[in-house]
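Derivation of every value follows stated rules applied to the coordinates shown; laboratory data play no part. This is a predicted model, so every value here is computed, not measured. Every residue, glycine as well, gets a Cβ built from its backbone with ideal geometry; the counts of neighbours run over all protein chains shown.
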Amino acid sequence: MANWYGSSRSNYFRVKDRDAFLQSTERRGLGVFKNENNPDYFAIYSADNDSGSWPSYDLESDTEIDLVAELAQHLPKGQVAVLMEVGAEKLRYLTGVAIAVNPKGRVIDLTLGYIYRKAARTFRIPESQITRAEY
């Protein structure tokens, strides 16, 4: 069995309180990119050298993390954060997900796996007739 390795990053977005946002990213072990052209905009990335995925569990408090909900609290009106994560378990599985969140916590998401449903609908064939890109 192989390990899954990935990469995760976001778009650039503005935050309500720079210091509170930076404290929360540090607490979650996230890296931060600062936009050179506009210092009020930030992007985040997974600083997890083991998997590269977004944090989902807090070992100190022994609780699950809802990173998307936490991030929404930092967004001012009119901003949308997009979190992307791609990875692979060797060439057995390729995965990808994009999640967009607004300041109200409304979320939309899209996965690479959605292509099977979309292809079946578009080409009018049963989804079960489309083989998966995996072994």
Note: Asp19 to Phe123 extended length (0.36 nm per residue) minus current alpha-carbon separation gives 32.4 nm
The size of the Cβ-based charge dipole (Lys, Arg +1; Asp, Glu -1) of the range 5-129 about the Cα centre, to the nearest 20 debye, is 840 debye
Taking r as the C-beta separation of Val107 and Glu60 and R0 as 35 Å, the FRET efficiency to the nearest 0.05 is 0.85
Here, Ala47 and Ala88, labelled 7 Å along Cα→Cβ, have an inter-label distance in nm of 2.8 nm
Proxy exposure order for Ser61, Ser10, Ser53 (fewest C-beta within 10 Å first) is Ser61, Ser53, Ser10
A chain fully extended from Ser7 to Asn38 at 0.36 nm per residue, minus the present Cα-Cα distance, gains in nm 8.7 nm
For the chain, longest principal axis from Cα atoms; helix 114-123 axis from its Cα atoms; angle between them, nearest 10 degrees, is 50 degrees
What one gets for the chain as the Kirkwood radius, inverse of mean 1/r over different Cα pairs in Å, is 16.6 Å
For Lys16, the lysines lying under 21 Å Cα to Cα, once residues fewer than eight places off in the same chain are dropped, come out as Lys34, Lys77, Lys104
For the chain, whose charge dipole is built from +1 on Lys and Arg Cβ atoms and -1 on Asp and Glu Cβ atoms, the candidate among Asn11, Asn49, Leu30 with its Cα farthest towards the positive end is Asn11
Taking 123-132, 36-45 and ranking on average Cβ neighbours within 10 Å, highest first, one gets 36-45, 123-132
